[in-house]
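The values are calculated or read from the model by the stated rules, or taken from the named source; none is laboratory data. On a predicted model such as this, the values are computed, not experimentally measured, just so you know. For neighbour counting, all protein chains shown are included, and Cβ atoms are generated from backbone atoms with ideal geometry for every residue, glycine included.
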């Protein structure tokens, strides 16, 4: 049982380290983008599928000016998966 507990602890620490790295990647040049991305990370990441997480990682790789235009609704993301995620993030209820 001790071996299993240590394995679970290592998994938790690994998840925690990944979460911290992702939180850092959510930090952008604009506070508003930070808040949108961090809100999704806090509310949705843990329950998301690997595919959904992959789309979020692709979103984090996009340039700030493009993200801002997408989140404001001035443009749609050229990729349907990215656009759907942007719309879901925009629709999230405000966090507290």
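For residues that are out of contact with any helix residue (DSSP H, G or I) (no Cβ under 7 Å at 6 or more places or on another chain) and assigned to a loop (DSSP other than H, G, I, E, B), tally how many sit in the stretch 66-90. Walk me through how you get there before you give the answer.
Taking the stretch 66-90 and keeping what is out of contact with any helix residue (DSSP H, G or I) (no Cβ under 7 Å at 6 or more places or on another chain), we get 66, 69, 72-74, 78-80, 83-84, 87-88.
Within this subset, residues satisfying the condition of being assigned to a loop (DSSP other than H, G, I, E, B) are 73-74, 78-79.
Summing the residues that are out of contact with any helix residue (DSSP H, G or I) (no Cβ under 7 Å at 6 or more places or on another chain) and assigned to a loop (DSSP other than H, G, I, E, B) in the stretch 66-90 gives 4.
Within the bounds of the stretch 32-43, is there any residue that is at pLDDT 95 or above, loosely packed, with under 13 Cβ neighbours inside 10 Å and either out of contact with any strand residue (DSSP E or B) (no Cβ under 8 Å at 6 or more places or on another chain) or not in a loop (DSSP other than H, G, I, E, B) (or both)?
no
Is there a residue in the stretch 5-20 that is under 10 Å from the mean Cα position of the chain (by Cα), assigned to a helix (DSSP H, G or I) and at pLDDT below 95?
Scanning the stretch 5-20 turns up at least one residue that is under 10 Å from the mean Cα position of the chain (by Cα), assigned to a helix (DSSP H, G or I) and at pLDDT below 95.
Taking interchain pairs and intrachain pairs at least six residues apart, which have beta carbon atoms under 7 angstrom, with the first residue in the stretch 74-91 and within 12 Å of residue 58 (Cβ to Cβ) and the second at pLDDT 95 or above and outside any helix (DSSP H, G or I)?
Going by the 7 Å Cβ cut-off, the qualifying pairs are 83/76; 83/77; 86/77.
For the stretch 46-62, what are the residues that are modelled with pLDDT of 95 or more and in a loop (DSSP other than H, G, I, E, B)?
The answer is 61, 62.
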